Structures are given as structure tokens and as C-alpha cells.
Amino acid sequence: MSLQILVSDDDSTIQHLIKDCLELQGYSVILANDGEKALSLAMKYHPHLLISDIKMPHKDGYQLVQELRKLPPFRLLPVIFLTHQHTMEAKINGYQAGCDVYLAKPFEPMELIAIVKHLLERSQVIQSERLFTEHNNSSIDNNNNFFSLHLTHREKEVLALIIEGHSNIQIAQQLYLSPKTIEKYVANLLKKTDSQNRTELVSFAFKNNLTHF
């Protein structure tokens, strides 16, 4: 399942340029041409990242992000403002509204892709750590002997490749991530499964039917 990115911009040329760049990287893209539509689509699809213009009909980018940030599911949503507004005041307003990165138009597609990858990697790690804290990683219900393990989408991908016998470097190449990021995911998996090494992790996966996602 590919990660979903919501792109909100009233310029259809920019919309499809961003869409083409992201889809070439394997992302699924949802398009909106105004802030009101973007808010509705965010509520419906719960994207993994938002790229938004600021000046748009019905609801501008500032309002869109401020309203999303009020909702618990979107408080940690990575947000990129991509806009023609270059003033320092606009940038400050953007960060105060809740964006993570403020990028000026015209933009370099490769820079945008690098930022998207970085924010998504960071988001996955934060989500993993948050789930670990909230659910104590894994829990056993002694009343019904039900085992529950909470893994993020990316952790499942990493675990599947570990089970296949791939090294961290090989996993990083397949998932287009850095080896250092893969090390963090592996460390989280070891912690969540109370495993000391990869061998124990793979054994744990087979014992608990985690070999197919």
C-alpha cells in the first residue's frame, strides 16, 4: 500500500507537475483545487502528508492547516507550504499556522521529493515511537490470551524484508530510505517484540503469525 499525499493548489499545471513527480516515486496522490475541498478530502482519506498553496479560493492555506491542526488525527500530519508568497511575514505566518516546511515557487522537483521523503521518514519514526509509548509496544491480555502488536506501515515493510533475509543496506535500497533510518526501524522492532537480535525477531514473527501483512 503506497503512502498518500494530498496536494492542494488552484493552479492545475502546478497540481499535475507535483502529482507526476510524486507518482514517479511510488506515492499515491489526491488533488484539491481549493482549501475547502482539501479539508474535505483530508477528512475522508487521512493522507500521510499535505502539500498546499497558501492563496486559494474558499479557504486559504493558513486556514486549512489551522483547522486540520485542531483535529487529533492531523496534529502530527507533515505539511509543506508551496507558494509564490516569498516575504518573511508570509513565512512566519506559515510556520505559525503549523507547516513543517515553507518552499517557494518556482521550485526544484528533486528538492521537493527530498523534503517529502524526509518528512515521511520522520513521521513514521514519530508514529512508531508514539504507538510504543501508548500501547507499551506489545501487550498480552491475560484474560483471553490475545496477543496485540502495533506496527506502522513502514515497520511491516521492514519486518517482511528482514524475514526474507535482507541486510539493512539492502532494505534501505529497496525502500529508498537511508541505512540509518532502517537501523531505527529495526531497533523499534526489536524493542516492540522484546527480541535481542534478528534471529529472535524472525522467530517471534513466525510464532505470532507476522509473516504476512
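Only the coordinates and a few stated rules stand behind these numbers; no lab work does. This structure is a prediction, so every number in the text was calculated from the model and none was measured. Note: ideal-geometry Cβ built from the backbone for every residue, glycine included; neighbour counts use all protein chains shown.
Things worth noting here:
- Choice from 172, 114, 160 with maximal GNM fluctuation in the chain (Cα, 10 Å cutoff): 114
- If the segment from residue 110 to residue 63 were pulled out straight at 0.36 nm per residue, it would be longer than the present Cα-Cα gap by 14.1 nm.
- Sites excluded, trypsin sites (Lys or Arg not before Pro) in DSSP loops with at most 15 other C-beta within 10 Å, longest stretch of the chain: 76-213
- Filter on 156/192; 180/207; 55/105 - keep pairs with C-alpha separation over 20 Å: 180/207
- Taking 0.36 nm per residue of separation and subtracting the current Cα-Cα distance, fully stretching the chain between residue 190 and residue 167 would add 6.8 nm.
- Residues 178, 123, arranged from fewest to most other Cβ atoms within 10 angstrom of their Cβ, appear as 178, 123.
- FRET efficiency estimate (nearest 0.05) - Cβ-Cβ, residue 153 to residue 88, R0 41 angstrom: 0.65
- Extension gain for residue 180 to residue 207 (0.36 nm times residue separation, less C-alpha to C-alpha distance): 6.9 nm.
- Backbone HN-Hα couplings from phi across segment 151-157 [Karplus 6.51/-1.76/1.60, Hz, Gly and Pro as x]: 10, 6, 4, 5, 4, 5, 5
- The chain: most fluctuating residue of 15, 196, 124 per GNM, C-alpha cutoff 10 Å: 196
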